[in-house]
Structures are given as C-alpha cells and as structure tokens.
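Just below is one structure, and these are the notes that go with it.
The values are calculated or read from the model by the stated rules, or taken from the named source; none is laboratory data. Because the structure is predicted, anything quoted here is derived from the model rather than measured. Here Cβ is always computed from backbone atoms with ideal geometry, including for glycine, and neighbour counts include all displayed protein chains. These accessible areas exclude ligands, DNA and RNA; they are computed on the full protein's heavy atoms, side chains included. Shrake-Rupley method; radii C 1.70, N 1.55, O 1.52, S 1.80 Å.
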Amino acid sequence: MLPFIIKRIGQSFLVLLITGVIAFSMFRFVGDPIENMLGQERTAEDVERLRGQLGLDQPVPIQYVKYLAEAIQGNFGVSYRQGREVSEIILERAPATLELAAVSATFAVVLGIALGVFTAIRRDGFLANFIMSASLIGVSLPTFLIGILLIYLFSVELNWLPSFGRGEVVDLGWWTTGLLTESGLKALILPAITLGLYQMTLIMRLVRSEMLEVLRQDYIRFARARGLSDKTINFRHALKNTMVPVITIIGLQLGAIIAFAIITETVFQWPGLGLLFINAIQFVDVPVMAAYLMMISVMFVVINLVVDILYALVDPRLRASST
Amino acid sequence: MTTPVLSIRNLTVEIPTRHGLFKPVQNVSYDIRPGEIRGVVGESGAGKSMTGNAIIGLLDEPAHISQGEIWLNGKRIDGLDADQKRRIRGAEIGMIFQDPLTSLNPLFTVGEQLVETIQLHLEVNAAEAKERALALLERVSIPNPPERFNQYPHQFSGGMRQRVVIALALCSEPSVIVADEPTTALDVSIQAQVLDLIKELAAERQVGVILITHDMGVIADTTDEVTVMYSGEVVESGPTDQILSAPTHPYTKSLISAVPRPQKKLHRFPQVSYGGRQTTFKIEDLARNWDKSTASRNGTLLEVQNLTKRFIERGSILPSRRKYFTAVDQVSFDIKDGEVFGLVGESGSGKSTVAKMIGTLHEVDGGKVIFDGEEVTAMQAEGIARYRKQIQMIFQDPFSSLNPRMKVAQIVAEPLVHHKLLPPDQVGARVAELLDRVGLTKGAGQKYPHEFSGGQRQRISIARALATQPRFLICDEPTSALDVSIQAQILNILKDLQEHLGLTMLFISHDLPVVRQMCDRVGVMKNGQLVEVQDTETLFASPQHAYSAQLLDLMPRLTQLSD
C-alpha cells in the first residue's frame, strides 16, 4: 500500500511541475508584462529598471525556479488589474466556488447513484425508462442553456428563486458562507442544479450500466442460489462492486465541477473563482490566470490521488497486488 | 428403498422466442434419494443445467416451467411464488457452480459471505454463526480456518475456492445439492479431491446430490445413478455401472465410445454419430497444394535449451528487494520433424508459459529456442517475422481467441494479408478453401464468430493457423473447453494435419487420455520444471518419476466403460 501511495505522489508532483511550466510560459507568450504595467510615457530607463526589479532580465529557467519557489509559498504575484496580491483575491473568492461545487457535487452523487441503482433494478419499468430518456436531455443540453432555462422558469415566470448573486453571506472571518441565511440558500439552488445536472446524469448512466454488468456476474447468481433476498443482493453485493469503477469517474467529475464552474458562475453572476478567471482573461491579467491554472491542477491531482487510495480501500485485490 | 428427497416428474421448460416456442427441457423425470449422487450427463445445450436451474427456481426470464412437477421432501415446489422459492434456495437446496473463480463476491471476505448465509437460514447470533462457519471451513479441509476466515476470495486457489463454495452450499444443512459442472474448471488432482469431498459429504450428511457434468470420467468415478440427456430429453437413466457397461440407447453408446480411453492407443477418435451431425473435413485435399519442403536440416525442427521465465512477484526500485517467481525453470527438450510432442502438468506448472515463449509471445529470461537450426532467441525483427510465419498457435478458449467484431473470412485472411503471402485477389479463394477443408459451410466466411458453436469456432482457429502454411503448430489445451463429442472432431482434424501435411506439433493438455491418443512423446512438468520426457507408451506403461506416476494414478480409470 505505502509504495503505491508514494509512487502516486511522485507522479502527482511530475504533473504539477508540467502544469507549472504551462502556467509560467503564459507570462512569456501572452505579451510583455512591462508594457502592461508602464503607461504610454515610459522611458527606456524605466523599462530597464522595472525589468531588473522584477528579475525579468535573468535567464528563463532561473525565472521559472523563482516563480515555482514563490508559488509553493502561496505567492503568485500581484494582479495587474486590481493591484492586489493574487493569493488574497483567490482566498476571498474561493468560498463561493467551493460551496457551490460541494452542494452540486453532493446533489450529483447522491441523486446520480440513487437513480442509477433504481433504473438498473427496474430495468424495464415505465418510470425507469422515462428517467433514462429524460437523462438524455441532461447529457445533451449545454450548461448555459440549462441555467438560462432554469432562470426563466423559476426566477422570471414563477419568481421563486433569485436569478443572480450569492444572496446574504455570513462572514466567519476566514470564510464567507451563504449556507446560513435564507437568501443565501435560495440563491444556491439554481446554480447548484445547473452545475450538477450534467454530472448527475453521467453518474446515473454509469452506475446503471455498471450495475447491470455486475448483476450478470456469477457471484450474484450464486448469491441468489444461497437464498439471499433481492435487497441484500442489490444493495450489499451488487452496489459495492458497482462502486469500484464509479469512484474513479466521480473523482474526475468533482474536479470538473470546480473547473467548469466558470460557465455557471458567468450565467448566474456568482462571485466565485470562475467569474474571477473570466474577468482576468478579458483584461489579460496573467498572474491571476496563472494562479488559477495552478490551483485547478493541484485540485485535480489531489482528487485523483484520493480516488486512487479509495480505490485500493474498496477493492481488496488491488491492496494485495500493491503491497 | 428409501423415499426420494427430490422427485422430478415430466418436467418441461419453455422459452418463447421470435421463432416460436423453444423447449430446452422436455418431459424429464428423475429421483434423488438421501446420500445418493445422481449424475446428469450430456453435451452442452442438452438441457442439463436448465433442469438444475428449474429445480432451484433460478430460471432466467422468459424461460418457465410449462409442465410437470417437482417434489421436495413431500412438498410440491414448482408452483411456489418468487418469495417462497427464495426461502427454499440455499435452505433446502444448495447449489455449486462451475467456476469457483467467479462464484464468490470479490469484495467480501470468505467469512463474511459464510456468516451472512448462515444467519439468513438459521436462527443464530453472530458468534454462533462464526463458530459454525469455522467448523464448515474445517470440514471442507481448508487449512487454518481462523486465518482463512478473514481473507478475500482472491487469496484462495481455485480448488480452495470451490471448497468454500461447497461450504456455502452446506451452510443451512440442505437436503439436496445441485452441483453444476463443479470440477470442470479444476485440475485433475484438485478435481479428484473435490469429488471425494462431495462423495464424503453426501454419505455423511445424507444429502442428495445432482451432479451435472459432460465428463464421463467424473460420472464413472463419482455417481451412483446416471441420467443421460440429449437435446432436452432423457434418453437413458439407471445405475451408473449398468449404463456405462451396457448402454442401450444409440446416443449413449456413441457418447461412451467417443470418450478417449486411457488404456490403449487408437488410430482415430470415434466420433459421436448420433443425430446425423457428422462433420466432414478434407485435410487430404489441403495436402495437394501444400508446400511440403518441410524437412529440417538435422531432423530436429524445434529445440529448447534451458528455457527460463521469471515473473516479478513484488516490484521494488531496488533490484535486490524484488521478488521473482520462476514460472519456467531450465526446461530443455527437442521435437523431431513430424512429431507430436505433448506437455502435461497441472495448471501453474508452466506448460503454457513454455508455449508462449516458443511462440514469441513472452520474452525469454534465459536459455534458447532453436528452430530448424537457427536460434530464435537471438533473431532480429525480420528473422522473427519469418519465424512467426512458420509457427502458428491454437488457443484453449475458442470464444476469446477470435475477434468478435471481425467476420470469419477476415479473421482467416489476416495472417495471409499480414505476411503478404498472396496477392489480394487470391486471398478470398484461399480463405474459402481453408474454411471448406475444416468442414465449415459456404456462407461461414460472412458470419461473425458468435454465430458459431464452440467446436466450429475451434475449427475457425485451425483454419486461421493453417493460412500461412506453417511447419509447426502449438496447440494449447485445444479441446479442454469443448464437449466430448466435439473434442473427438477437433482431435481428428489435428491428427489429419500431422498425417497428411506432415505438421510438427507441440500439444499441451492436462487430459492424460487425450495426450495418450495424440502424442508420440510426452514431457511432464511440475512447478516450472520438466521432470520427465518419455515416449508416450513408455510413460503410460512405466512412469519413471514419482510425480508422473501420481498424475497417471489420478486419471479416471473408466474401467466400467463398454468398448
């Protein structure tokens, strides 16, 4: 088990190093930052002086090492647009995105697994077939369209839920939460559904097909021959085997939820990281873009690492072969 | 005579299909008495398993019992509803399946699965259930039950798993056990142990056992009564000795005559002739335009010297900490022109690994393979390609060795196209000829593998292997997945290949009677080592190595069989 984890952590660092190169190279290819920082009336000396101050006159590999060293300490430089520390801006925006992602991930996983199991067990039932057909909509409609439709229905026509923003938030000092106020919770519903719907249908269809596969296995037949009840067979024997491959996909999808919150946040004007990133792109705010890229890749790598470890915990065969 | 625990009367199972009603089981009747083992024998598709499933109430929709009665301990059970049937399953009727590797849930420990079943059927608390489970494991001769209790199925060998499956079937002290091909997936030596265990348990606990199998050897050694089935119907039923020594129905006669005899060598295998399904194949015709310049330079076509293969058991960055498992250890033998050389041994003895190294499917870790005087292990890519054209392999499982997405004609044409042996416009004609020679009908080329039976697929594999006009054929358990009747067919084709085309063969099998019929010389393998190489007749008459003697001893005698 331990060598397996160490190997995975090593691989994770390699991935981070490579994304670091990509993030860093943005500074070089998106344009000269000096041009952005100094106005029209710069002199040649100003340019030279700033270049020396920022260390941009040094060789590229050294600049990269310095950038990484700073990044590891959480220092991603200063935003070109806002003139504030990038890390400070990100910390300020992160709670909004993480809350949204957590709620929509819970929605997607819980409902996805439940519906997946239901449609697998009642394979030929009317309701199961209806859910399967309806799920095609979830898979095929683009996120922004779902968002707009939901806003039209629940905000414009029915006027039940707010169409934008985060509502009232409570500041806990290190974290701002919208989960403690009524308007905050109301504001969360539509974006969470919009963001989670695609993942939910994906998980549901995956659970269904995996479960159908597992139910065909010999050990399920043998469990029947032992006289176990359908409930025990479906929820104890089949579900656990179904979850082995499903866990991987859920893990990857959790990363995707955070990464693709950009669209949902834009539609609902949700003050999170995605919106921050979109704005950063519009203003070519490279430090923010680079920091966002690094952060997302760290998140993906960590999630994958956790998934791999979970995988080994669920499946004893993997545990044995890796020790 | 004691009263039967289970009686089946005129049982008929129906499956409605698009092409009308299909009856896989028709009018089947038999009884099982306490402590008795009844064999049910027949080829695949004869309705043996379907009858077993009907008894235990596990028929897959839309199959259903349309007629007849099943009585268990004086109660009629065929008309019960799903819930009542479930209560009988596992409680009064236990079941043992064919493949022990897949019949246990891989994610639960053996103990969990036993305790679960015990608590389901008996009113006991967790501690008592565990005690019972340990006692059962002890009874089925699992060494060190307390430790094994907490292990997962993958930590058990195939034979051990089948013992666990038997323990599971015994959990609730059933009065009948349906064992569906319980030893087909096991080695000869393990098979003997498992069958002995079943025999002991039947006598000791007065359980009636229905033993479904296609193996006459198992029937002869284990059962008290036997029922022979053919295409859904019982053709003959009675005491085992009587049926085997004096069969009356023509199908039984022909089935018994097709069983390879361990005692003597015959020129050809008698085929099951009943039902008018004789297949004709014309290997002689193939010989006419077969390039027969196959005599090797020194009379020895293939030579293997100190062949060794190691697999990494535990990986590590430090070479000194790596643990290796030596699958093949310093194996040396040679095969003469036109000879059939057999390799026998239990699974895990390294037979297939040797074959794969000769076929260049595995890297060689030590030693040499020499083909017609040239060292294959030292060849460059170009030489290997030339070598591969001259050797071909036939694998055990005809279901997974053919690509399901390719048409049969494409499959057989692939070696021709890959090695650029024929101009594209002649490939079609050659493929048609090959398929015809192995006895497949005209339209076969345009179908997909799943449209064929196991025996037909194995003939497709043979046609594919013959496409390059090889000089050397590696057959890795070519018939162990097939019925006796089909087995005879395939073995006869292989014999013809040797006789008419002068092919040299490496024939791997764990079935000793088959080896005796097929091979000129035999090598016996154990734990990766070649313990003995002998002329077949010498080996069977007087084995030199203790292990060979032990293997021969385990071979079913079949002395009751009529000739």
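For the reader, a short list of remarks on this structure follows.
- Span-rule helices in chain B, defined as complete DSSP H runs reaching 15 Å or more along the axis (Cα) with Kyte mean at least -1.0: B:110-121, B:126-139, B:158-170, B:188-205, B:408-418, B:424-437, B:454-466, B:484-501
- Computed over chain B, the per-residue total of -39500 (n - 2.57) for DSSP H runs of n ≥ 4 gives a 222 nm mean residue ellipticity of -10500 deg cm²/dmol, rounded to 500.
- Each principal axis of the Cα cloud of chain B was taken in turn, and the coordinate range along them, longest first, works out to 73, 61, 46 Å.
- Averaged over B:187-196, number of beta-carbon atoms from partner chains that fall within 10 Å: 0
- FRET efficiency for residue B:450 and residue B:544, using Cβ-Cβ distance with R0 set to 56 Å, rounded to 0.05: 0.75
- In chain A, the longest principal axis of the Cα atoms and the axis of helix A:126-140 are about 20 degrees apart.
- Across region B:370-377, computed HN-Hα scalar couplings (Karplus, 6.51 cos²θ - 1.76 cosθ + 1.60, θ = phi - 60°) run 10, 10, 6, x, 10, 7, 5, 5 Hz from first to last residue, x flagging Gly and Pro.
- The calculated FRET efficiency for the pair residue A:13 and residue A:175, based on their C-beta separation and a Förster distance of 41 Å, comes to about 0.90.
- Exposure of residue B:31 as accessible area (Å², to 10), given a probe of 1.4 Å and all protein chains: 30 Å²
- For region B:90-103, backbone phi angles converted through the Karplus equation (6.51, -1.76, 1.60; θ = phi - 60°) give residue-by-residue couplings of x, 7, 9, 10, x, 9, 10, 9, 5, 9, x, 6, 10, 8 Hz, Gly and Pro being listed as x.
- The sum of -39500 (n - 2.57) across all DSSP H runs of n ≥ 4, divided by the residue count of chain A, sets its helix-only mean residue ellipticity at 222 nm to -24000 deg cm²/dmol.
- Within a Gaussian network of chain A (alpha carbon springs, distance under 10 Å), most fluctuating of A:45, A:213, A:265: A:45
- Computed packing ranks the peptides A:6-12, A:304-310 as A:304-310, A:6-12, most packed first, by mean other Cβ atoms within 10 Å.
- Counting only chymotrypsin sites (Phe, Trp or Tyr not before Pro) that DSSP places in a loop and that have at most 13 other Cβ atoms within 10 Å, the longest clean stretch of chain A runs over A:1-159.
- Each Cα pair under 8 Å and six or more residues apart adds its sequence gap; the mean of these over the residue count of chain B is a relative contact order of 15 percent.
- Peptide B:165-176 has a mean of 1 when you count, residue by residue, the C-beta atoms of other protein chains within 10 Å of its C-beta.
- Crossing angle, helix A:2-29 versus chain A [Cα axis fit, 0-90 degrees, rounded to tens]: 40 degrees
- Rounded to 5, percent antiparallel among DSSP beta bridges of the protein assembly as shown: 60 percent
- Calculated over region A:86-272: convex hull of Cα atoms, volume per residue (Å³): 137 Å³
- Once backbone amide H atoms are built at 1.01 Å from N, residue B:394 has B:474, B:475, B:476 as its partners under 5 Å, excluding neighbours fewer than 5 places away on the same chain.
- For residue B:362, the residues 5 or more places off, or on other chains, whose built amide H falls under 5 Å of its own are B:357.
- Counting only other chain Cβ atoms within 10 Å of each residue's Cβ, the peptide A:211-222 averages 4.
- Region B:342-376 residues near the modelled residue B:384 label - backbone nitrogen below 11 Å, point 7 Å along Cα→Cβ: B:360-364
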